[in-house]
1. Of Lys158/Lys331; Lys75/Lys158; Lys368/Lys400; Lys196/Lys218; Lys259/Lys390, which pairs sit farther than 27 Å apart, going by alpha carbon to alpha carbon?
2. Sort 99-106, 23-30 by packing, meaning the average of other beta carbons within 10 Å per residue, with the highest value first.
3. Once the Cα atoms of segment 240-396 are picked out, what are the Rg and Dmax in Å?
4. Counting pairwise Cα distances across segment 10-52, what percent come out greater than 14 angstrom?
5. In segment 60-119, if the dipole is taken from +1 on Lys/Arg beta carbons and -1 on Asp/Glu beta carbons about the Cα centre, which of Met68, Ser84, Gly94 is farthest to the positive end?
6. Sorting Ser394, Ser84 on the 10 Å Cβ count, fewest up front, what's the list?
7. Considering the Cα positions of segment 299-389, please state its Rg to one decimal place and its Dmax as a whole number of Å.
8. So how do Asp36, Asp21 line up by other beta-carbon neighbours within 10 Å, fewest first?
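Taken together, the values in this text are just the output of simple stated rules run on the coordinates, not laboratory data. None of these values were measured; they are calculated from a predicted model. Here Cβ is always computed from backbone atoms with ideal geometry, including for glycine, and neighbour counts include all displayed protein chains.
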Amino acid sequence: MKHLKVIKTPDEHNAALSRLDELMDSDPAEGSQAADELELLAMLIEQYEATAFPVDMPSPIDAILFRMDQQGLKKKDLVPYIGSAPKVSDVLNGKRPLSLTMIRRLHEGLGIPAEVLIQDVERHKHYANDVDFSAYPLAEIRKRGYLPDFTGSLGELKEYADDHLGAFFASVGMTPQSSSQTMMLRTSAHQRSNDKECDAFALQAWQARVLHIAAQQKLEHSYTPGTVTQEWMLELARQSWSRQGPAIAVEYLNKAGIKVIFEPHLPKTYLDGAVCLSDSRQPVVALTLRHDRLDNFWFTLMHELAHIALHFDGNESWFLDDLDAPSSDPKEDEADALAQEVLIPAEAIPNGLPTTEAEVEALASRIKVTPCIVAGRIRRTAQDYKIFGKKFRSEKTVGKVLMAAGYLK
């Protein structure tokens, strides 16, 4: 047998092809040295050609048409995989891209290789990670305008959720969750929640929405680390005496380079507030106004600011808070304690919280905060929100104050 070696150059390839022709013309007997040489030489030539002359993958449409021809399929036979006769026509005519749902059906039903059907990086990533976009609250996402460039129906959003939601998350540096994940993929997220089953997909969509709004919000002032201190928070708390207190608070934070976002929570997220760092390294405080009361507004705001004062070290981080939930995290305990101390200093109540309306008003006047904060603390401590009846409840909800000031739509 002639000595054989790996083919590396075009000249060696041509020589190998000539020798292959000679061997084939001789029609060697099976098991002979010539037959073995023929078999080995064919393998070496195939190996070289696979590297030197790679064959481009067919387009997804060509692959579908080829499979249809192989199996004698008509357009109507593709309806179970693509969705409807008009959709089949649009896909085959190049008027409609394949969705991940279509790709999965075609791969599983007709055996077309997924790598042929998915020929872009983003789709490969979503397919490989088994991202189930149908798990996201698509109806609420569409209803609330999370996707401003999407104007189609809910059905269209469900069909092409991979494209629209994939772009939605990617634009703020977030990665969609796979169906097997239960924790958010946002770096260093601290979540305070109750025993209720929180919808992690809805929570991630809400986070992305907050970051989208924050990216559009431009402040005149930049944030200086260390700005948020107990003294700074105390000065802010004193703005609560004004009927316009919530609006004043937003302006106060903006002047310190802190963005404030008001975004209602999504179903099954049970959020009161959150705080994170934006891509520009500015703190973002997000409030849902789930409980639209002055005392809740001020405590939630101070709780999130306490996280900035105590726990932000320059690393990207999220604190996501359901303040109805008991705390099981030392950082949450610390934020609770600082928020309470700022709003009602311990030294101001050496004998405990007031018990009468007159005492509530006197304490509020002394520490320069709205009586609603003092009454709210009493009600929360007693877990009885009927104490004092309608007394110490603002005539205007926080939402109305913020709407009048242009901070809320």
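1. Numbers: Lys158/Lys331 39 Å; Lys75/Lys158 23 Å; Lys368/Lys400 23 Å; Lys196/Lys218 36 Å; Lys259/Lys390 33 Å.
As for pairs spanning more than 27 Å Cα to Cα, those are Lys158/Lys331; Lys196/Lys218; Lys259/Lys390.
2. 99-106, 23-30
3. Taking only Cα atoms of segment 240-396, I get Rg and Dmax of 15.7, 48 Å.
4. Of the Cα pairs, 47 percent sit more than 14 Å apart.
5. Ser84
6. If I rank by nearby Cβ atoms, fewest first, I get Ser84, Ser394.
7. Using the Cα atoms of segment 299-389, the pair Rg, Dmax is 14.6, 46 Å.
8. Asp21, Asp36
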